[in-house]
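Below is one structure, written out as structure tokens, with a few remarks after it.
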Amino acid sequence: AEDGIRDRDVTGVQTCALPISGSPSVRRKWRGIPICPGEIEGELVFGPQGCGVLLFARARPETVAHFSRATALLFAEGGALAHACCVAREQGIPTVSGLGKDFLRQAQSTPVSRVRLNGSSGEVEFLE
């Protein structure tokens, strides 16, 4: 991490999203922690602003209130036992977590509007 502190999930295990393919500046495929199975392709939405594949910076308890509008969930930070991840599993919402700050930065800085995710493998792909 930029501040010299590595990202860690709630169990203290170091987490890191690995780029699967793409140039160093624009990665199309990423792999995080698989949380809940399911394959979804949909509109990427930042936080609670709409409906679709909701992307949050962290898997925090307050994000749960927005799950009813989610076709799938992505978390830049958070481990498999984070409260939000446990609730996503209970509700059967395809979810990938632990994608990392670089994933979040790229999603926010590039004109990506659609993603494909696989909650079983933890793979996420930017489509456009």
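Couple of notes before you dig in:
- All positions within the range 102-125 that are without any contact (Cβ under 8 Å) to a residue 60 or more places away in the chain and either of a type outside the set (Ser, Thr, Tyr) or touching a helix residue (DSSP H, G or I) at 6+ places or on another chain (Cβ under 8 Å) (or both): Leu104, Arg105, Pro111
- Summed over the range 57-81, residues that are within 19 Å of Ser121 (Cα to Cα), hydroxyl-bearing (Ser, Thr, Tyr) and outside any strand (DSSP E or B) total 0.
- Selected residue [open to solvent by 10 Å² or more (accessible area, probe 1.4 Å) and either in contact (Cβ under 8 Å) with a residue 24 or more places away in the chain or in contact with a Phe, Trp or Tyr (Cβ under 8 Å, 6 or more places away or on another chain) (or both)] from Glu128, Glu77, Glu90: Glu77
- Scan of the range 82-111 for residues that are outside any helix (DSSP H, G or I), within 14 Å of the chain's Cα centre (by Cα) and of a type outside the set (S, T, N, Q), ordered by number: Ala82, Ile93, Pro94, Val96, Gly98, Leu99, Gly100
- With respect to the stated conditions, Ala59 fails to be in contact (Cβ under 8 Å) with a residue 40 or more places away in the chain, among the small types (Gly, Ala, Ser) and open to solvent by less than 70 Å² (accessible area, probe 1.4 Å).
- For the range 112-125, the set of residues classified as crowded, with 23+ Cβ neighbours inside 10 Å and assigned to a strand (DSSP E or B) consists of Val115, Leu117, Val124, listed by residue number.
- Here Val112, Val124 are screened, and the one residue that is among the aliphatic types (A, V, I, L, M) and modelled with pLDDT of 95 or more is Val124.
The values are calculated or read from the model by the stated rules, or taken from the named source; none is laboratory data. In this text the structure is predicted, and so the values were computed from the model without any measurement. Positions of Cβ are generated from backbone atoms using ideal geometry, with glycine treated the same way; all protein chains shown enter the neighbour counts. The area values use the complete protein model at the heavy-atom level, side chains included, leaving out ligands, DNA and RNA. Shrake-Rupley method; radii C 1.70, N 1.55, O 1.52, S 1.80 Å.
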